[in-house]
Amino acid sequence: MSNQTGLRNTVLALCVAAVVMLAVSLAVTVPVFLSSGRVTQAYPAPPPTGAEALGERAKMAAFLTAFQGGEQVKAINVVGVGTVKAKPDRAVVDLSVITRGDTAVEAYQLNAEKMNMVIAALKEAGIPENSMETTGYSLNPVWSYPKGEEPVIVGYECRNSLKVTLEDLSMVGEVIDRGVKAGANRVSSVSFTLSEQSREKLKVEALSLAVKDAKAKAETIAEAAGVTLVGPTSISLSSVPTPTPVIYKEAAFAGAAAPPQIIAPEELSVTVNVSVVYEFK
């Protein structure tokens, strides 16, 4: 009996020792766990100030970070737009002579005679020959389709189109008037555009404005992010469009007893886009 009592006392002592050792272990382990930084606050953090604010700006700048060639590069990508306008300095009048004849030779000869008269009339108005060029010529049979019978050729039609380029925009009405009186029976279109020299000048000016616009945008982004621009690392130019001419189509002249008053547009424009990548620090 005394042996059993002694055994129970020994077991009880061991249990008490185990509890004490566990308590000591917890007392040592918990502070270490808390100091490791793995416990997250459950309440909102106060707004950042001072050095913390600078850290927030750095985080914002991180969103602008790009990857190039497998290396991390801090970059800002922007698109610059430049638009330039100018008054048209060229007018183009498209006249046509359309003739018909029983034979191809008859239609051709009649057409050549009338077109020569048109060209002569324009020369009398002071239009140089190098400002006129043929833009289309055709000689085709005219078919008839009797009901229940095979198609038959009933004649030939000859079409000859002439493009007249004018530096004096006020001459448009006179060119149409003289051309029609001399034998032209179709005014296909009148367009106002820019000379090659003027177009190139507009493109250069628009490109300069686009690059400046890209720089201004990059500086605004950098200032808002609290970073400093280093400079552009790449610049790519989109296709530069040709200024679209203003065109008056054939319908504008149909049935007109006299050439209509055609007013040139005040301005034509060209827009250039550039994509620029700026490095920052």
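For the residue pairs LYS87/LYS114; LYS85/LYS181; LYS85/LYS163; LYS85/LYS217, alpha carbon separations beyond 31 Å are given by LYS87/LYS114; LYS85/LYS181.
The label point for GLU223 and the one for SER138, both projected 7 Å from the Cα toward the Cβ, are 6.1 nm apart. Overall size of the range 98-183 from C-alpha positions, given as principal axis extents largest first: 56, 20, 20 Å. The spacing between the range 71-139 and the range 197-251, judged by their C-alpha centroids, is 31 Å.
Taking θ as phi - 60° and the Karplus parameters 6.51, -1.76 and 1.60, the scalar couplings of the range 127-138 work out to 7, x, 5, 6, 9, 10, 8, 7, 10, x, 8, 8 Hz in sequence order, x denoting glycine and proline. The H on the amide N of SER195, modeled in the peptide plane, is under 5 Å from the matching H of ASP89, ARG90, each at least 5 residues off or on a different chain.
3J(HN,Hα) along the range 184-199, derived from phi through the Karplus expression 6.51 cos²θ - 1.76 cosθ + 1.60 where θ = phi - 60°, amounts to 5, 10, 8, 9, 5, 6, 10, 10, 10, 8, 10, 5, 4, 4, 5, 4 Hz, with x in place of Gly and Pro. Most tightly packed first, judged by the mean number of other beta-carbon atoms within 10 Å of their residues, the peptides 179-188, 262-271 read 179-188, 262-271.
Values quoted throughout were computed directly from the atomic coordinates according to the rules given, and no laboratory measurement underlies them. In this text, all values refer to a predicted model and were calculated from it rather than measured experimentally. Glycine gets a Cβ as well: all are built from the backbone with ideal geometry, and neighbour counts include every protein chain shown.
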